[in-house]
Amino acid sequence: MKYEQTIMLKNGKEAVIRGGEESDGSAVFEVFNRTHEETDFLLSYPDENSLDPEQEAQYLKEKTASTDEAELIAVVDGRIAGTAGIESVGKKDKVKHRAEFGISVLKEYWGLGLGRALTEACIQCAKDAGYEQLELNVVAENERAMSLYRSLGFVEFGRNPRGFCSRLTGYQELVYMRLEL
Ligand SMILES: CC(C)(COP(=O)(O)OP(=O)(O)OC[C@H]1O[C@@H](n2cnc3c(N)ncnc32)[C@H](O)[C@@H]1OP(=O)(O)O)[C@@H](O)C(=O)NCCC(=O)NCCS
């Protein structure tokens with residue numbers, strides 16, 4: 001999906017939230033690996049990245065062309081500071097109203113408003129694509145993310161006490177949240 005919006009961050013700098021393009025492949029690959037190194041709240045580790053830079057470029061090209069899936073990037077001072085996206089839960093009639101949301105922002109940019117802007121942009125994309133429900137799961141100790149999602153209207157509908165098993169800390173409880181669009 002195509003999307004572009006310029007926002008003002010809490011530090012006074014401008015950020016562009018836009019759909020990632022094929023030419024962003026290498027930079028998005030680097031940012032994916034860094035964000036997945038910096039926090040233990042995401043699904044995978046950098047060594048589990050299933051895409052190389054070329055595949056990432058192809059992935060972004062497909063998301064740009066898609067009418068119901070998006071991979072957005074936040075650009076600050078010409079650098080990619082974070083990514084967020086929506087993916088369809090499935091094409092079958094019974095689930096085609098549902099999409100899943102994911103986000104990660106580089107640590108040095110936390111607290112500036114990028115997480116909120118990227119999430120709001122994805123909510124808009126999900127509405128534009130015609131979904132009726134946006135879903136996510138979040139590690140229970142991830143207070144920053146939990147607080148962001150609650151403030152945007154996401155509601156908890158269940159927990160999995162052994163949802164993740166971290167290499168560092170063992171089991172992590174996952175909270176399932178949904179937003180009616
Ligand atoms: C979660 C994450 C996306 C938030 O991004 P961010 O750019 O820091 O978010 P924002 O600056 O827009 O802040 C959003 C909200 O976070 C909350 N928040 C910020 N700092 C916080 C803190 N220290 N403690 C608790 N909540 C906090 C506030 O509710 C804030 O809302 P506000 O706009 O009213 O201030 C980011 O921390 C991140 O990428 N973390 C690692 C990956 C991750 O956890 N992804 C989510 C997986 S479900």
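Key figures for this structure:
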| item | result |
| --- | --- |
| One residue from 140, 117, 129 being out of contact with any Phe, Trp or Tyr (no Cβ under 7 Å at 6 or more places or on another chain), more than 15 Å from residue 17 (Cα to Cα) and within 13 Å of the ligand (Cβ to nearest atom) | 140 |
| Test for residue 39: is it closer than 20 Å to residue 122 by Cα and among the polar types (S, T, N, Q) | no |
| The stretch 76-124 - residue that is open to solvent by 50 Å² or more (accessible area, probe 1.4 Å) and either touching a Gly at 6+ places or on another chain (Cβ under 6 Å) or in a strand (DSSP E or B) (or both) and, of those, nearest to residue 63 (Cα to Cα) | 87 |
| Checking residue 55 against (1) assigned to a loop (DSSP other than H, G, I, E, B); (2) more than 16 Å from the chain's Cα centre (by Cα); (3) among the polar types (S, T, N, Q), the condition it does not meet | (1) |
| Neighbours by Cβ (under 6 Å, 6+ apart or cross-chain): first from the stretch 38-66, touching a residue at least 40 places away in the same chain (Cβ under 8 Å); second surrounded by fewer than 13 Cβ atoms within 10 Å (Cβ to Cβ) and part of a loop (DSSP other than H, G, I, E, B) | 40/168 |
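The values are calculated or read from the model by the stated rules, or taken from the named source; none is laboratory data. Remember, it's a predicted structure, so these values are computed and weren't measured experimentally. Glycine also receives a Cβ, built like all others from the backbone with ideal geometry; neighbour counts cover every protein chain displayed. Accessible surface is based on the protein model in full, side chains and every heavy atom, while ligands, DNA and RNA are left aside. Shrake-Rupley method; radii C 1.70, N 1.55, O 1.52, S 1.80 Å.
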